[in-house]
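Each reported figure results from applying straightforward, stated rules to the coordinates on display, with no laboratory input. Since the structure is predicted, the reported quantities are computational estimates derived from the model, not experimental observations. Note that each Cβ is placed from the backbone with ideal geometry, even for glycine, and that neighbours are counted across all protein chains shown.
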Amino acid sequence: MTAHAHRSVEAVWRFESARIIAALAALVRDVGLAEELAQDALVAALEQWPESGVPENPGAWLTTVARRRAVDRIRRDRRYAERLAEIGHRLETAETFDPDPERIEDDVLRLVFTACHPVLPEQARVALTLRMIGGLTTGEIARAFLVPESTVAQRIVRAKKALSDAGVPFEVPEGADRAARLGSVLAVVYLIFNEGYAATSGDDWLRADLCREALRLGRLVAALMPGEAEAHGLVALMEIQWSRTPARTGPDGEPVPLPAQNRARWDGLLVRRGFEALLRAKEVGGPPGPYVLQAGIAACHASAATAEETDWTRIRALYDVLASVAPSPIVELNRAVAVGMADGPAAGLAVLDAVAGEAAVRDHHLLPSVRGDLLERLGRAAEARAEFRRAADRTANAAERRALLRRAGE
């Protein structure tokens, strides 16, 4: 019974923590305090459920306990009267939690925007999002990003303090502010996905837990904001990219390049879900944003039964639009690949040379990797070999390093 109760607590916390913390933050107007109260309720569940059994509505049980703890905390606060007046008498007297689905969705959306507030450094946004929205423990986040648990704990503590010190309101911004903040939210989710999809360091090329968590977060944001095309575009992009997972690594765990992948192994269900999300993004209307455009590129790959059937002319055109909508050296690096496939490796090399000195890619392992591929196709084997070796020296991922050295040897 004890083991069953503990598993139930873990499962409930993973799926309900965002709603619980959001509901509490809406009442106490302090994200850090809301998480502490939720954690107190979690401890109470670990103590009581093995004896009393798992309640019929565990999420409501945790929220009710946390609300009572909030009352106790306020009573101990020297500003009791002021805080209690702000929160309202209903918090003090509430004995049960009767959730209003629409209000809960609003609160969760506020929590998403608060955790991803631009006042926080990028790493702090990622840690806070995974902790509060994803329900991951500090240890799980630390293992996922290969950093000490104490480092993650410090980031979370500093993030909550920074939000408090900056007086960040617990709200979903409107108008231009929402558009500006939505970019931060989507960027954090995609950053989490990319770290799982192509790990920047460590021994493993893929970290499935991070990709699944990013997909869950992305679907949540898209469901809460159905009128935002870019939210659907990001979901479409992640669904289609994640569909390739079974074919992305070989028997030894090393990465398999996209042209060499067995497309019969791609997950058809995820591809269909990606196309459906892309359709929803287009139905919203408006000029396509960066995630919708990238999802369109991924859809081009998914539409081709073989690598040879890929419509590289269409992909190059989409990259041209992406470069005008969201110009960056990384986009140009990827556009060089598309140009190289559509117009020949010499044309691709010209695009690559134009951005080779940019700080964002100058020391990136992908720059010599792409250059090596283009040079190999031009028949300049010695130069290609040197580029692949340079790329291997720059990557911190062991599996990718082995693959690059293998290409150099070939």
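Within the listed set E171, E383, E254, the Gaussian network model of the chain (springs between alpha-carbon atoms below 10 Å) gives the highest mean-square fluctuation for E383. In summary, segment 100-199 shows an alpha-carbon radius of gyration equal to 1.08 times the 2.2 N^0.38 Å reference for compact globular proteins.
Each residue of segment 177-184 was assigned a 3J(HN,Hα) from its phi angle through the Karplus expression (A = 6.51, B = -1.76, C = 1.60, θ = phi - 60°), giving 5, 5, 4, 5, 6, 4, x, 5 Hz with x at Gly and Pro.
Between L111, L352, L128, the residue with the greatest mean-square fluctuation in the GNM of the chain (Cα pairs under 10 Å linked by springs) is L352.
What relative contact order, as a whole-number percentage, does segment 125-265 give when Cα pairs under 8 Å and 6 or more residues apart are counted? Each step should come with its number before you reach the end.
On the way: 116 pairs, mean separation 23.2, N = 141.
The value is 16 percent.
Highest average first, the peptides 207-216, 289-298 ordered by how many other beta carbon atoms sit within 10 Å of their residues are 289-298, 207-216.
Just want the answer: with Cβ charges of +1 for Lys and Arg and -1 for Asp and Glu, which residue in A304, G59, V12 is farthest toward the dipole's positive end in the chain? Value: A304.
Using the empirical formula 2.2 N^0.38 Å as the baseline, the Cα radius of gyration of the chain reaches a ratio of 1.11.
For the chain, the relative contact order is 11 percent, taking Cα pairs closer than 8 Å that sit 6 or more residues apart in sequence and dividing their mean separation by the residue count. Database remark: amide H of N57 closer than 5 angstrom to no amide H (H placed geometrically; neighbours at sequence offset of 5 or more, or on other chains; Pro and chain starts carry no H). Peptide packing: for 174-183, 233-242, 152-161, the average count of neighbouring Cβ atoms within 10 Å per residue gives the ranking 233-242, 152-161, 174-183, highest mean first.
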